Amino acid sequence: MTVTQIAKSIEKLFNAGFDDDKLILSMQLEDIEKIDGVTIQDINTIIKFKKAIRTKQVVKFLTGKEI
């Protein structure tokens, strides 16, 4: 995954109103499914982003390293 791909997925998340750590961490799969134009790749990225926030490894996530 490139930074550009990650950014596009996160932008969809932010545009859907999930623009705060608490909101992102409280998201359910049903919330992700409602995001306009979300793809399987986006869902995978969002799940990993949630994990990065929860484990305080956002920079590691953004650099494409496994968490």
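Classify the chain as rounded, prolate or oblate, taking a ≥ b ≥ c as the square roots of the eigenvalues of its Cα gyration tensor: rounded when a/c is under 1.5, otherwise prolate if a/b is larger than b/c and oblate if not. It comes out oblate by the Cα gyration axes.
Extending 7 Å from Cα along the Cβ direction at T39 and again at K51 yields two label points whose distance is 2.0 nm. Which loop-located trypsin sites (Lys or Arg not before Pro) does region 4-67 contain, where loop means any DSSP state but H, G, I, E or B and the Cβ has at most 15 other Cβ atoms within 10 Å? Those satisfying the criteria are K34, K56, K65.
Bear in mind that the values in this text are calculations on the coordinates, not laboratory data. Just so you know, these numbers come straight off a predicted model, no measurement behind them. So basically every Cβ, Gly included, is an ideal-geometry build from the backbone, and we count neighbours across all protein chains shown.
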